[in-house]
Every structure is written in structure tokens, then in C-alpha cells.
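Peer 1: Provided herewith is a single structure, encoded as C-alpha cells, for subsequent inquiry.
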Amino acid sequence: MTAPASQFETVSQENRVFPPPAAFARQAHIKSLEQYREMYARSIADPEKFWADVAGELHWIQKWHTVLNSKNAPFYKWFEGGVTNLCYNCLDRHLHGATRNKAAIIFEGEQGDQRVLTYADLHREVCLFANVLKSLGVKKGDIVMLYMAMVPELAIAVLACARIGAPHSVIFGGFSSESIKDRVNDCQAKFVITSDAGYRRGKVLPLKHTVDEGIAECPSIQKVLVVAREPQKQLHPVTMKEGRDVWYHEAVVGQSRHCEAARQDAEDLLFILYTSGSTGKPKGIMHTTGGYMTFAYLTAKYIFDLKPEDVYWCTADIGWVTGHSYILYGPLQNAATVVMFEGVPNWPENDRFWQIVEKYGVTVFYTAPTAIRACMKWGDVWPQKHDLSSLRLLGSVGEPINPEAWMWYHNVIGGGRCPIVDTWWQTETGGIMITPLPGAIATKPGSATVPFFGIEPAVLSDDGQDVRAGILAIKKPWPGMMRGIWGDPGRFKTTYFAKWSGKYYFPGDGARKDDDGNYWILGRVDDVVNVSAHRIGTAELESVYVEHPSVAESAVVGIPHELKGQALISFVTVKQGKEAGPDLIRELNDLVAKKIGKFALPEKIIFSADLPKTRSGKIMRRLLRDIAEGRALGNVTTLADPSVIEALKEKYSTTES
Ligand code: WT7
């Protein structure tokens, strides 16, 4: 039942529908809406049977006795009694037959250097690496921190940890030494793997140096293993601490190429990944082996429609969950060829992505809306320089994609022929939850569409009523779900399971469900603003702005307002060469009035050359709210470019409302 008075107003209208192209559907794993519906119905009617069948496609040393144990909910357990090894499922399983010498990883360095590792190569390198870890004293259950560049050794090191049962915790290479310290101390890691240096935009990042600073006050650390980015030359001088620090290229000499995969219980910890929450302290999200493995495998297979001949490229960094699930564990379990790229989309020039797509004949391309919008801003000339005809499927992840960017992605990158999978999920969910299946589900620009198999979402009000627009909930456990927050089981319960009296998982996102049953993610619930009792998803307002030809990007925040409850402040970035002035303000207001309604007009539009973003590209709305409310600025250490915020502050105080 739809509650009569929805707390959220349904706002902008987007009616375009793109059915799966017939040629795509014919060859797809999931070929039709009927097939999706039949499988989905089965996955919901009997999830234990469904997931047991999927897990049965993978290698288990010992079969589970219980598929799902809900006795101690929300601390669910999957595949209890099962013993397996995820590294084995990524590599050893493919060493027979045609996949043995198939490219597993095609690496493109920032400088244009290239390396190809076949499945046999990757297996050998992982075994060597695992033996080095063992020689340093790493044992099953010991937590290993990784702080590296996006180089094959990062993939190798992660897989080596999984092979010997040492949980890994990867820290994105852009984090500061303080962040390393906090994370190491939180999980009491005993080992760090790092590189001497890495490249970023042609500059050299002193990774080992940052680790040294970070772990200076971390007594838990026993050894630091250092991989040379280019063993022949010293990219950046490093100080090796006697007794603690070891060069990989020295330690590997004489190691065996064989290393048995450890017996991992299905619920043994696979990794911890730190992510920000509503409080200042990052949460160590825990994922275990058997359920995560099964979920990553199936989502990658069906959502990216992986086939033996595909060249799959996910542009994320392995430091984020997207890299864990959809550079490594998902595609490798499917024996895919994975492109791994060290650099950024606009170095040395704005066409780096498209150059790589052409160079390797990428068929499946998965990136974030923020990258798509940046490319859109740089102009069509850059992709047009390249032959992108190898592409057959595009993906989007990380934030709501506005219809304008979706259409550009579809037309300019996909040549109008590639389905787009807009995949909604989180660090906490382990894998993709709401998404089109590209051969079966008609897409709508801006909608993540339908739930994946076994996933039962709902859109609820605060008191748990079904509403058209409200708060996203996941009603049933799924194999890839987080198993807790490291060291803080209480916080796990209060953050994710306290709402709706512990019955459902609360992801923290707002959502809307349309008449066709498609889900539209409206952004975090803390980004939803209530203006005169009209709740407006800031993402929807932002997507209206970027429909204007002059606008590159925008971010809308809510601030307290005496009469309206809350009011909106819009920060807008204009495209190069476009004029930001009173005319544009008028046009934007007209557009909002037309697409949403006058109630959604902001108090102020602030033009800004740039928006404050984290290094992973997320707009830091918290900082915009601080500026808009004239508060002292919160923590700015995760900002990619701190100068942006100073310029904005200046700008805000001089903008008339
Ligand atoms: C949050 C999770 C999922 C891997 C990368 C980010 C937002 C993610 C979408 C999407 C709308 C999305 C949500 C979510 N988000 N994907 N397709 N459409 N919003 O992982 O850092 O854990 O962030 O990103 O708000 O809660 P994360």
C-alpha cells in the first residue's frame, strides 16, 4: 500500500525508456524480462536454494551444512560449515584448458608502460608473494594493511593475503599518513605492504615515506614489505628501517612458486575496508569469505554479462570496494580479462580513458558519474578522437547519475548501442544490489531500476510504511552483506539495524519507486532537504541544473530556514567558456520551476570554479553546508584540493541572495 501522505515529493520527470537492444539481449546471460522475473521470483521464494546453487558453481574444499543462519540476527552467517579459498576460486580454478594462458590482468601504467599477466602468470606471482608473506611471519588471521599504487603488485598482494587467510585492509593511496595511523591502530594490523612510490599526474607519490610517518606511533606493526615500482631505478628515496622493512624483490629470491591455498571457513574474515560514516571516525567494514565470494561472482557474471572474449575495465581504485569486488574478486572468479589502470582520466590529456579503450579493445567499461561529467565538460572532441566501437556495455557506480550525463554516456561513449547498468550498492553491501540486467531490463536515465537476484528492497517511511518516495530498506539478508564493524558490534547494530526496530537493513539512502517498479536513488537521506514540508532529493535538483547547457556540475545542500524549515543553497559549476551571471541564475530558476516546481527554488545560487571533493571524487556536502551556514569548517583532510574550499568561502560571503 502506498501511504497517502508521502514524506517525499516526487520531483523531476524523466520518461525516456531504453529497452535492451535485441542484439545484446540475444547473446546475454539473462535474455529477457521474463527470464529475470522467473529467476528473481525463485531467488526470493527460496533464497537458500538459490544461493546454494550459485555457490555450487564454485570450488569448496568442504561443503557447508547450513546456507543461512539467522539465529543471532543481524549477525547473519552464510554457508556455515563450508571451507573454501577465494584466491583458489579466482586463479587455480582457471589453470586448466583455454583460460590458463588467457590474460587475467592487462596493466596500463600512467607513463604508458604495459604489462600482461595471464592466469598462469598471476597464479605464480601470487604464490611467490604469499610465500614471501609467510617468510615474514604473516599467519592466518593476521591483518595486513596495504598502501600502494594501482600496480599489478597490489592485485597480487591482495590475492596473496586471501590465499593464506590473512585479512587485508587496503587504504586508498591518496589518504594521508594520519589516516594510515588511525586505521592501523584501529585494527591492530601487524604488517604493511607498500610501494616505494607511485605515479599520479606525472608526479611521484612518496608512498613508503607516508607509511613511515603513519606508523611511527603504531606499535602493532612488525614488518613493512616494500615493492619497488620500478626495481631498476629509484623513483623516490626511501629509508629502510633495520629489522622492520624488507624489499620485496630481495625477499622473493629463492621462494617457491607453489603455495597451497589455506582452508578458509566460510565465515573467516576476508577483508576490512574503512569507510566514512555520519560520525568523524571511519568504520572498518568487515566482509567474510564464502558469502562475499558467491555474491561477487554472480553479480559480476550477470550484471557485466561477462563472456570469455570480453575485455573488462573498471576504472575504480582497488582502495575502494568497487575495486575489491569488480576489479578483483568478481571478474577473476569469472575468468575475465581485466584492464587495470594506474592513472587518471585527464593525464597527460583529456582522452586517456578513450585511448585505453581503443588500445585494448575494451568491451565492458565501468566508471563513476563524476568521471562521466568531467569528460562531458571537456567536450566530445576527446572521445571522438578514438574508435570506441569495441564497447558493448557501460556501467555507472558511486552516486546517482543525472539523466544528462547518462544520455551523454549513452550517445557519445556508447554510440547509442550499449546498455548502461547504473549499479546501486555500498561498501557495506559487498556487491551490487539494485541494477539493470543489461539483456533483460529496460533502462531509464537516472534509475538504478530493479533488484538483483535475492535482494528484497523496499521504500519506507520512518515508521516502516511502504511509500512511493522515502527511505531505502533491504528486507532480507544476502550473502555479500557486511558482517560487522571491526571492534564495534554495537555500532553495527545501531547504524544499520536500529531503524524499523531491527527488522531491516538501513543503507542510509533515499529512494523513489515508480509505477513500473523501478528504483530511483535520491542520495543519502541526510542530503534530502525539506522545504516547506516538501521533501526534495538534492540529487534531483542537481540533475535539473546539469540539464542546462552551461552547467558542468552542481551540489545542493539544505540549511535551516525560519519559515520553510529548511532552505536550499545551490552550488553550481559552469562549463568552460560559459558565463556565470544574473542571466544564468534566472534561467536556472526557470528550469527548476519548470522541472520541479517553485517550492524547490533555492535561496541562493553560488557559482564556483570547482566543488570540494574527496579524493574518490565525492562532493563533500558537509563542507558546503558548513559554508552555507557560516560555521567553522569541519575536517578537510580528505579533500582532494583544499584550496577549493577557501575560494568558495570567499565567494559565498560576497554573493547576494
Ligand atoms: C553510497 C555508497 C558502491 C561502490 C562505490 C561507493 C551512493 C552508490 C549509486 C548509484 C545512486 C549510489 C549511495 C550509497 N551510490 N552507487 N548507482 N546511484 N547512488 O561505495 O563509498 O560505500 O558509497 O554511494 O549513496 O549509499 P560507498
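The values are calculated or read from the model by the stated rules, or taken from the named source; none is laboratory data. Model, not experiment: these values are computed from the prediction. Note: ideal-geometry Cβ built from the backbone for every residue, glycine included; neighbour counts use all protein chains shown. For accessibility, only protein heavy atoms count, side chains too; no ligands or nucleic acids. Shrake-Rupley method; radii C 1.70, N 1.55, O 1.52, S 1.80 Å.
Peer 1: Out of all the residues in segment 332-348, which are in contact with a helix residue (DSSP H, G or I) (Cβ under 9 Å, 6 or more places away or on another chain) and within 13 Å of residue 200 (Cα to Cα)?
Peer 2: Initial filter on segment 332-348 (in contact with a helix residue (DSSP H, G or I) (Cβ under 9 Å, 6 or more places away or on another chain)): 332-341, 343-346.
Scanning segment 332-348 gives 341, 343, 344, 345, 346.
Peer 1: Now a separate question. Can you name the residue in segment 217-241 that is basic (Lys, Arg) and either under 23 Å from residue 112 (Cα atoms) or more than 31 Å from the chain's Cα centre (by Cα) (or both) and, of all such residues, is modelled with the lowest pLDDT? Reasoning before the result, please.
Peer 2: At the first step, the residues of segment 217-241 found to be basic (Lys, Arg) are 223, 229, 233, 241.
Then drop every residue that is not either under 23 Å from residue 112 (Cα atoms) or more than 31 Å from the chain's Cα centre (by Cα) (or both), which leaves 229, 233, 241.
On the way: 229: 90, 233: 80, 241: 97.
Within segment 217-241, the match that is modelled with the lowest pLDDT is 233.
Peer 1: Report the residue count in segment 455-480 for those that are farther than 17 Å from residue 520 by Cα and surrounded by fewer than 24 Cβ atoms within 10 Å (Cβ to Cβ). So that I can check it myself, show each step before the final result.
Peer 2: From segment 455-480, those farther than 17 Å from residue 520 by Cα are 462-465, 475-480; that's our starting set.
Still in the list and also surrounded by fewer than 24 Cβ atoms within 10 Å (Cβ to Cβ): 462-465, 475-477.
Counting residues in segment 455-480 that are farther than 17 Å from residue 520 by Cα and surrounded by fewer than 24 Cβ atoms within 10 Å (Cβ to Cβ) gives 7.
Peer 1: Say whether the condition of being of a type in the set (Gly, Ala, Ser), closer than 20 Å to residue 245 by Cα, open to solvent by less than 10 Å² (accessible area, probe 1.4 Å) and in contact (Cβ under 8 Å) with a residue 12 or more places away in the chain is met by at least one residue in segment 126-140. Can you show your working first?
Peer 2: The first filter runs over segment 126-140 and keeps only residues of a type in the set (Gly, Ala, Ser), leaving 130, 135, 137.
Filter once more, keeping what is closer than 20 Å to residue 245 by Cα: 130, 135, 137.
This time we only want the ones that are open to solvent by less than 10 Å² (accessible area, probe 1.4 Å), so: 130.
Then drop every residue that is not in contact (Cβ under 8 Å) with a residue 12 or more places away in the chain, which leaves 130.
Checked segment 126-140: at least one residue is of a type in the set (Gly, Ala, Ser), closer than 20 Å to residue 245 by Cα, open to solvent by less than 10 Å² (accessible area, probe 1.4 Å) and in contact (Cβ under 8 Å) with a residue 12 or more places away in the chain.
Peer 1: Let me ask something else. Right, residue 279: modelled with pLDDT under 95 and open to solvent by 20 Å² or more (accessible area, probe 1.4 Å) or not? Working first, answer last.
Peer 2: Working: modelled with pLDDT under 95: yes; open to solvent by 20 Å² or more (accessible area, probe 1.4 Å): yes.
Yes: the conditions hold for residue 279.
Peer 1: Working carefully through the options 198, 214, 173, find the one that is farther than 12 Å from residue 146 by Cα, touching a strand residue (DSSP E or B) at 6+ places or on another chain (Cβ under 7 Å) and of a type outside the set (A, V, I, L, M). First the steps, then the outcome.
Peer 2: On the way: 214 fails: touching a strand residue (DSSP E or B) at 6+ places or on another chain (Cβ under 7 Å); 173 fails: farther than 12 Å from residue 146 by Cα.
Criteria check complete, one pass: 198.
Peer 1: For segment 311-335, what are the residues that are in contact with a Ser or Thr (Cβ under 7 Å, 6 or more places away or on another chain), under 15 Å from residue 270 (Cβ atoms) and more than 14 Å from the ligand (Cβ to nearest atom)? Step through it out loud before you land on a result.
Peer 2: Going through segment 311-335, the residues in contact with a Ser or Thr (Cβ under 7 Å, 6 or more places away or on another chain) turn out to be 311-312, 314-316, 320-321, 330, 335.
Filter once more, so that each one left must be under 15 Å from residue 270 (Cβ atoms): 321, 330.
If the condition is that a residue be in contact with a Ser or Thr (Cβ under 7 Å, 6 or more places away or on another chain), under 15 Å from residue 270 (Cβ atoms) and more than 14 Å from the ligand (Cβ to nearest atom), then no residue fits.
Peer 1: Moving on to the next point. Restricting to segment 188-205, what's the tally of residues that are open to solvent by less than 10 Å² (accessible area, probe 1.4 Å) and polar (S, T, N, Q)? Even if it seems obvious, please write down each step before you answer.
Peer 2: Taking segment 188-205 as the starting set, the residues that turn out to be open to solvent by less than 10 Å² (accessible area, probe 1.4 Å) are 189, 191-198.
Okay, now just the ones that are also polar (S, T, N, Q), so 194-195.
Residues meeting the conditions: 2.
Peer 1: On to the next question. With the requirement that a residue be open to solvent by 50 Å² or more (accessible area, probe 1.4 Å), farther than 19 Å from residue 133 by Cβ and either modelled with pLDDT under 85 or touching a strand residue (DSSP E or B) at 6+ places or on another chain (Cβ under 8 Å) (or both), what does segment 242-266 give you?
Peer 2: Hit for segment 242-266 is 265, nothing else.
Peer 1: Within segment 485-511, can you find the residues that are open to solvent by 20 Å² or more (accessible area, probe 1.4 Å), within 16 Å of the ligand (Cβ to nearest atom) and at pLDDT 95 or above?
Peer 2: 486, 504, 506
Peer 1: Another question about this same structure. For the subset of segment 591-623 comprising residues that are under 30 Å from residue 318 (Cβ atoms), open to solvent by 30 Å² or more (accessible area, probe 1.4 Å) and assigned to a loop (DSSP other than H, G, I, E, B), which member is farthest from the ligand (Cβ to nearest atom)?
Peer 2: 610
Peer 1: Moving on to the next point. Could you list all residues from segment 624-645 that are out of contact with any Lys or Arg (no Cβ under 9 Å at 6 or more places or on another chain), touching a residue at least 24 places away in the same chain (Cβ under 8 Å) and in a helix (DSSP H, G or I)?
Peer 2: Answer for segment 624-645, where residues must be out of contact with any Lys or Arg (no Cβ under 9 Å at 6 or more places or on another chain), touching a residue at least 24 places away in the same chain (Cβ under 8 Å) and in a helix (DSSP H, G or I): 624, 645.
Peer 1: If you don't mind, another one. Those residues that are assigned to a loop (DSSP other than H, G, I, E, B) and either within 15 Å of the ligand (Cβ to nearest atom) or buried (at least 24 other Cβ atoms within 10 Å of the Cβ) (or both), I need them from segment 393-433; list them, please.
Peer 2: Looking only at segment 393-433, we keep the residues that are assigned to a loop (DSSP other than H, G, I, E, B), and these are 398-402, 414-419, 425-426, 430-433.
Once the filter is applied, which keeps residues that are assigned to a loop (DSSP other than H, G, I, E, B) and either within 15 Å of the ligand (Cβ to nearest atom) or buried (at least 24 other Cβ atoms within 10 Å of the Cβ) (or both), segment 393-433 yields 398, 399, 400, 401, 402, 419, 425, 426, 430, 431, 432, 433.
Peer 1: Another question about this same structure. Taking the options 346, 350, name whichever one is open to solvent by 40 Å² or more (accessible area, probe 1.4 Å), touching a residue at least 24 places away in the same chain (Cβ under 8 Å) and part of a loop (DSSP other than H, G, I, E, B).
Peer 2: Working: 350 fails: open to solvent by 40 Å² or more (accessible area, probe 1.4 Å).
Just one listed residue meets the conditions, 346.
Peer 1: Which residue pairs have Cβ atoms under 8 Å apart, sit 6 or more places apart or on different chains, and have a first residue in segment 494-520 that is farther than 17 Å from residue 475 by Cβ and a second that is in a loop (DSSP other than H, G, I, E, B) and of a type in the set (Val, Ile, Thr)?
Peer 2: Here the result reads 512/10; 518/450, each pair linking segment 494-520 to a residue that is in a loop (DSSP other than H, G, I, E, B) and of a type in the set (Val, Ile, Thr).
Peer 1: If I go through segment 479-497 residue by residue, how many of them are over 13 Å from residue 73 (Cβ atoms) and not in a helix (DSSP H, G or I)?
Peer 2: Number satisfying all stated conditions: 7.
Peer 1: What number of residues in segment 139-177 are at pLDDT 95 or above and small (Gly, Ala, Ser)?
Peer 2: Taking segment 139-177 first, the residues at pLDDT 95 or above are 139-148, 150-170.
Filter once more, so that each one left must be small (Gly, Ala, Ser): 141, 155, 157, 160, 162, 165-166, 169.
The qualifying residues number 8.
Peer 1: When you scan segment 62-120, how many residues do you find that are under 23 Å from residue 44 (Cβ atoms), outside any loop (DSSP other than H, G, I, E, B) and touching a residue at least 60 places away in the same chain (Cβ under 8 Å)?
Peer 2: 5
Peer 1: Within segment 246-261, count every residue that is in contact (Cβ under 8 Å) with a residue 24 or more places away in the chain and closer than 19 Å to residue 209 by Cβ. Before the answer, list the steps.
Peer 2: Looking only at segment 246-261, we keep the residues that are in contact (Cβ under 8 Å) with a residue 24 or more places away in the chain, and these are 246, 248, 251-252, 255-259, 261.
Narrowing further to those that are closer than 19 Å to residue 209 by Cβ: 246, 248.
Qualifying residue count, segment 246-261: 2.
Peer 1: Shifting gears a bit: Only one residue in 181, 208 is of a type in the set (Lys, Arg) and either open to solvent by 10 Å² or more (accessible area, probe 1.4 Å) or assigned to a strand (DSSP E or B) (or both), so which one is that? Talk me through it step by step, then tell me what you get.
Peer 2: On the way: 208 fails: either open to solvent by 10 Å² or more (accessible area, probe 1.4 Å) or assigned to a strand (DSSP E or B) (or both).
Just one listed residue meets the conditions, 181.
Peer 1: Still on this structure: Would you mind telling me which numbered condition in (1) within 16 Å of the ligand (Cβ to nearest atom); (2) crowded, with 22+ Cβ neighbours inside 10 Å residue 439 fails?
Peer 2: Against the list (1) within 16 Å of the ligand (Cβ to nearest atom); (2) crowded, with 22+ Cβ neighbours inside 10 Å, residue 439 comes up short only on (1).
Peer 1: Within segment 151-163, track down each residue that is under 16 Å from residue 329 (Cβ atoms) and either in a loop (DSSP other than H, G, I, E, B) or aliphatic (A, V, I, L, M) (or both).
Peer 2: Scanning segment 151-163 gives 154, 155, 156, 157, 158, 159, 160, 162.
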